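Peer 1: There's a structure below that I have some questions on.
The values are calculated or read from the model by the stated rules, or taken from the named source; none is laboratory data. This one's a predicted model, so the numbers in the text were calculated from it and none came from an experiment. Heads up, the Cβs are rebuilt from the backbone with ideal geometry, glycines too, and the neighbour counts pull from every protein chain shown. Heavy atoms of the whole protein, side chains included, go into the accessibility calculation; ligands, DNA and RNA do not. Shrake-Rupley method; radii C 1.70, N 1.55, O 1.52, S 1.80 Å.
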Amino acid sequence: MPALIPRPRATPAPGAVHVPEWLPEERQRTLVEACRAWARGPVPMHRTELPGGGVMSVRSVCLGWHWSPYRYTRTAGDVNGAPVAPLPQWLVALGRRAVADAYQDEAAGEAYRPDVALINFYGPGATMGMHQDKDERSSAPVVSLSVGDACLFRLGNTGDHGRPWQDIRLETGDLLVFGGPSRFAYHGVPKVYPGTAEPSVGPAAGRLNLTLRVTGLPG
């Protein structure tokens with residue numbers, strides 16, 4: 001439901017724009033249903049194993065390209081070897097609209113050509129450590145959409161994973177775009193707030209985060 005006190009759009013850092021309640025409830029429900037289908041495969045939602053032997057606490061599935069540390073491939077060799085599901089054009093169009101609205105620049109939206117979506121599900125206790133999205137060969141913006149439980153999103157600097165950083169509360173339906181000087185900023189999700197999801201939207205518990213990116217890889 002819309003907040004009783006409207007939350008204004010904000011620019012927490014150069015190139016980073018937070019647009020609260022950007023996704024209407026109907027579109028959120030559509031996205032949740034689509035994520036449920038994508039989670040079943042051909043590459044199922046899974047927890048990614050890191051090179052040091054640790055396992056991420058979020059569960060993930062990808063469209064267009066499969067991400068594994070620290071590369072993109074067309075098949076999920078670290079899961080079941082299956083080809084990754086394609087990135088649907090309606091999701092590409094949503095990403096282009098997001099960039100145009102965030103930057104208030106139709107030309108920027110028209111120029112945006114995402115070719116991969118990473119979908120993370122934060123279940124009970126799941127978090128995301130500070131990291132850079134730097135496996136892409138492109139500096140095009142990252143589009144981040146939130147559905148479900150609210151979270152604390154930490155937007156840091158481009159030098160390392162320490163301070164300075166800013167904490168932003170992302171609610172269901174919120175859009176965050178980070179590009180330009182903030183494209184390679186360290187960021188993470190140190191906390192999810194259980195029980196804050198809107199029941200009419202789903203998921204019943206946990207947080208879905210969908211990010212669209214441009215890999216810069218051929219074909």
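Peer 1: Could you please find all residues in segment 139-181 being among the hydroxyl-bearing types (Ser, Thr, Tyr) and either over 15 Å from the mean Cα position of the chain (by Cα) or modelled with pLDDT under 95 (or both)?
Peer 2: Matches in segment 139-181: SER139, THR158.
Peer 1: List pairs: first residue in segment 181-193 and more than 14 Å from ARG207 (Cβ to Cβ) and free of Cβ contacts under 8 Å to residues at least 60 places away in the same chain, second residue hydroxyl-bearing (Ser, Thr, Tyr) and open to solvent by 10 Å² or more (accessible area, probe 1.4 Å) anywhere in the structure, Cβ distance under 6 angstrom, at least six positions apart or on different chains.
Peer 2: The qualifying pairs are PHE184/THR158.
Peer 1: What single numbered condition from (1) open to solvent by less than 10 Å² (accessible area, probe 1.4 Å); (2) of a type in the set (Val, Ile, Thr); (3) in contact (Cβ under 8 Å) with a residue 40 or more places away in the chain fails to hold for VAL84?
Peer 2: Going through the list (1) open to solvent by less than 10 Å² (accessible area, probe 1.4 Å); (2) of a type in the set (Val, Ile, Thr); (3) in contact (Cβ under 8 Å) with a residue 40 or more places away in the chain, VAL84 breaks only (1).
Peer 1: Pairs, please: C-beta under 8 Å, at least 6 apart or cross-chain, first residue more than 15 Å from GLY129 (Cβ to Cβ) and free of Cβ contacts under 8 Å to residues at least 40 places away in the same chain and in segment 41-52, second basic (Lys, Arg) and open to solvent by 20 Å² or more (accessible area, probe 1.4 Å)?
Peer 2: The qualifying pairs are HIS46/ARG59.
Peer 1: Give THR48, THR73, THR11 a once-over and let me know the one that is out of contact with any Leu (no Cβ under 8 Å at 6 or more places or on another chain), among the β-branched types (Val, Ile, Thr) and open to solvent by 40 Å² or more (accessible area, probe 1.4 Å).
Peer 2: Checking each option against the conditions leaves just THR11.
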